[in-house]
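*Asks:* This is the structure I have questions about; it appears just below.
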Amino acid sequence: MPEGDGHDKRKIIQEVNVLNLDKLTTESRNPETMNLDQMSSLEIVTEMNREDQKIPACIQPLLPKIAQVADWAIEAMQHGGRIIYIGAGTSGRLGVLDAAECPPTFGVSPEEVVGLIAGGNGAFISAKEGAEDDRQQGKQDMIDHELKKTDILIGLAASGRTPYVIGALEYADSIGCHTAAVSCNKDSAIGKVSDAAIDAVVGPEILTGSTRLKAGTAEKMILNMISTASMVGVGKAYMNLMVDVKQTNEKLRARAEKIVVEATGTDTATARKKIDEAGGSCKTAITMILADCDAEEAEARLQKANGHVRMAIKQGE
């Protein structure tokens with residue numbers, strides 16, 4: 001957590017318990033859309049598109065912090081820890097979504113990347129807005145999910161002041177767990193109780209206070225960066241191919257064959273044969289072909305290389 005004493009932390013909590021919405025950029029009115037209710041559909045979507053173009057520029061100065069969080073996530077996974085997202089409302093749903101997409105894309109288990117939302121899983125479909133105000137529940141959810149020092153906890157709140165998220169981050173800090181906070185307001189409260197504050201200030205929404213718009217897009221972009229960079233860092237990619245993809249349907253079965261073909265230059269029939277010999281693992285099949293070895297040796301090489309295909313291939317050169 002940033003430098004400061006216990007008194008500073010208590011002050012932060014007192015501040016977030018007061019609804020100072022006028023001070024939040026995410027709650028301010030956009031002067032360009034005061035006549036939103038008089039716009040045509042084309043005018044509305046044109047204005048939205050114009051506003052959305054501001055998002056990457058707001059994120060760009062934050063890239064070093066985002067990369068630091070990705071490095072902590074890599075460290076967590078290398079030591080048996082987890083990446084855990086926690087949030088409420090739209091922010092919570094975005095964390096759950098990113099976590100849910102990691103197993104099929106990168107071959108990790110659902111226990112390795114976890115998304116938690118205030119109000120429980122049911123809040124993903126049906127809004128439970130009051131749940132975000134329960135700071136104690138944030139802490140309790142961390143206890144119930146057995147948060148460890150080796151994990152990394154990433155708190156998500158467009159407003160930057162969600163008590164539920166603050167409670168979780170405070171508990172994580174108390175056990176020495178790396179923490180990060182993603183918000184869309186400057187000097188966010190969640191940032192002040194985390195190791196890395198990623199405050200992407202994208203400005204007022206075209207529909208005042210509707211943070212599922214620019215704020216949500218910014219959060220999704222940041223989560224894409226964190227999860228992708230961290231998964232590449234633990235060996236889930238070879239070149240720019242997702243070599244740990246799981247073949248859970250026909251599309252992914254075909255994608256697996258294409259990945260092996262692209263990585264090795266072999267034909268589709270050979271790719272399928274090697275994938276089958278490798279027990280369905282693209283990573284093992286690629287190593288078999290490029291290192292000219294059988295599945296057993298390929299798996300041994302990959303284990304020694306901590307799952308990095310490029311390093312496994314180079315062994316013995």
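The values are calculated or read from the model by the stated rules, or taken from the named source; none is laboratory data. Just so you know, these numbers come straight off a predicted model, no measurement behind them. Don't worry about glycine lacking a Cβ; one is built from the backbone with ideal geometry, like all the others, and counts go over all protein chains shown. For the accessible areas, the whole protein counts, side chains as well, though only heavy atoms, and no ligand, DNA or RNA atoms are used. Shrake-Rupley method; radii C 1.70, N 1.55, O 1.52, S 1.80 Å.
*Asks:* If packing is taken as the average count of other Cβ atoms within 10 Å, what order do 90-96, 225-231 fall into, highest mean first? Before the final figure, lay out each step's value.
*Replies:* Values: 90-96: 25.4, 225-231: 21.1.
Highest to lowest by the protection proxy: 90-96, 225-231.
*Asks:* Below 11 angstrom from the Cβ of Val69, what's the summed charge of the other residues (Lys, Arg +1; Asp, Glu -1)? Write out the running numbers ahead of the final one.
*Replies:* On the way: positive: Lys65; negative: Asp71, Glu75, Asp195.
Local charge sum for Val69: -2.
*Asks:* Over the chain, with a Gaussian network built from C-alpha contacts below 10 Å, which listed residue (Glu297, Glu250, Glu111) shows the highest mean-square fluctuation?
*Replies:* Glu250
*Asks:* Using 0.36 nm per residue, how much length does the chain from Lys148 to Ala300 gain when fully extended, once their Cα-Cα distance is taken away?
*Replies:* Details: separation 152, 0.36 × 152 = 54.72 nm, distance 2.97 nm.
Value of the extension gain: 51.7 nm.
*Asks:* Here is a follow-up. Would you mind counting up the charge near Asp244? Only other residues with Cβ under 11 Å from its Cβ, with Lys and Arg at +1 and Asp and Glu at -1.
*Replies:* +3
*Asks:* Under 10 Å, Cα contacts only: if you run a Gaussian network model on the chain, which one of Asn249, Asn121, Asn49 comes out with the highest mean-square fluctuation?
*Replies:* Ranking Asn249, Asn121, Asn49 by mean-square fluctuation puts Asn249 first.
*Asks:* Taking amide hydrogens as modeled 1.01 Å from N in the peptide plane, which residues meet the under 5 Å criterion relative to Thr150, leaving out close sequence neighbours?
*Replies:* Under 5 Å from the amide H of Thr150: no residue qualifies.
*Asks:* Which FRET efficiency, nearest 0.05, do Asn249 and Ala229 yield, Cβ-Cβ r, R0 30 Å?
*Replies:* Values: r = 27 Å, r/R0 = 0.89.
The formula returns an efficiency of 0.65 here.
*Asks:* Let me ask another. Rounded, prolate or oblate: which fits the chain when a ≥ b ≥ c are the square roots of the eigenvalues of the alpha-carbon gyration tensor, with rounded for a/c under 1.5 and prolate only if a/b beats b/c?
*Replies:* It is prolate, given that a/c is not under 1.5 and a/b is the larger ratio.
*Asks:* What is the helix-to-structure angle for 295-304, meaning the angle in degrees between its Cα long axis and the longest Cα principal axis of the chain, kept from 0 to 90 and rounded to the nearest 10?
*Replies:* Helix 295-304 and the main axis of the chain meet at about 40 degrees.
*Asks:* Which shape class applies to the range 169-237: rounded if a/c is under 1.5, otherwise prolate when a/b exceeds b/c and oblate if not, where a ≥ b ≥ c are the square roots of the Cα gyration tensor eigenvalues?
*Replies:* Oblate.
*Asks:* Along each principal axis of its Cα atoms, how long is the range 169-293 end to end? Whole angstroms, biggest number first, please.
*Replies:* Result, largest extent first: 55, 39, 22 Å.
*Asks:* Give the residue list of trypsin sites (Lys or Arg not before Pro) in the range 144-203 that are DSSP loop and have at most 14 other beta-carbon atoms within 10 angstrom. Working shown, then result.
*Replies:* Working: sites: Lys148, Lys149, Arg161, Lys186, Lys192; in loops: Lys148, Lys149, Arg161, Lys186.
For trypsin sites (Lys or Arg not before Pro) across the range 144-203 that sit outside H, G, I, E and B with at most 14 neighbouring Cβ atoms in 10 Å, the list reads Lys149, Lys186.
*Asks:* Further, regarding this structure: Treating the angle as unsigned and between 0 and 90°, give the value, to the nearest 10°, between the Cα long axis of helix 163-174 and the longest Cα principal axis of the chain.
*Replies:* 60 degrees
*Asks:* Highest GNM mean-square fluctuation, the chain, Cα pairs closer than 10 Å: which of Ile259, Ile125, Ile59?
*Replies:* Ile125
*Asks:* Evaluate Rg over Rh across the range 277-317, taking Cα atoms for both radii and Kirkwood's formula for Rh.
*Replies:* On the way: Rg = 8.5 Å, Rh = 9.5 Å.
My calculation puts Rg/Rh at 0.90.
*Asks:* Something else: How big is the gap, in Å, between the Cα center of the range 45-118 and the Cα center of the range 173-193?
*Replies:* So the separation of the two Cα centres works out to 14 Å.
*Asks:* Can I ask one more? Take the Cα atoms of the range 75-199, find their three principal axes, and give me the spread along each one in whole Å, biggest first.
*Replies:* So the extents along the principal axes, rounded to whole Å, are 33, 32, 26.
*Asks:* Still on this structure, please answer the following. Asp187 to Ala127: FRET efficiency via 1/(1 + (r/R0)^6), r the Cβ-Cβ distance, R0 25 Å, to the nearest 0.05? Write down the numbers at each step before the final one.
*Replies:* Details: r = 28 Å, r/R0 = 1.10.
FRET efficiency, Asp187 to Ala127: 0.35.
*Asks:* Could you state the accessible area per residue of the chain in Å², with a 1.4 Å probe and every protein chain left in place?
*Replies:* Details: 15420 Å² over 317 residues.
Each residue of the chain exposes 49 Å² on average to a 1.4 Å probe.
*Asks:* Which percent, to the nearest 5, of DSSP beta bridges fully inside the chain are antiparallel?
*Replies:* On the way: 1 of 20 bridges.
Here the antiparallel bridges make up roughly 5 percent for the chain.
*Asks:* Now for a separate question. Against the longest principal axis of the chain, how steep is helix 6-16, in degrees 0 to 90 to the nearest 10, with axes from Cα atoms?
*Replies:* The angle comes out near 70 degrees.
*Asks:* Over 32 Å between Cα atoms: which of Lys128/Lys236; Lys220/Lys246; Lys54/Lys148 fall into that group?
*Replies:* Details: Lys128/Lys236 35 Å; Lys220/Lys246 23 Å; Lys54/Lys148 37 Å.
Correct reply: Lys128/Lys236; Lys54/Lys148.
*Asks:* Percent of Cα-Cα pairs more than 21 Å apart in the range 32-142, please. Show your work: numbers first, answer last.
*Replies:* Values: 3491 of 6105 pairs.
Above the 21 Å cut-off, the range 32-142 has 57 percent of its Cα pairs.
*Asks:* So, one more: Work out the length of the dipole vector of the chain about its Cα centre, built from +1 on the beta-carbon of each Lys and Arg and -1 on the beta-carbon of each Asp and Glu, and round it to the nearest 20 debye.
*Replies:* Values: 35 positive and 46 negative charges, 53 e Å.
Computed charge dipole of the chain: roughly 260 debye.
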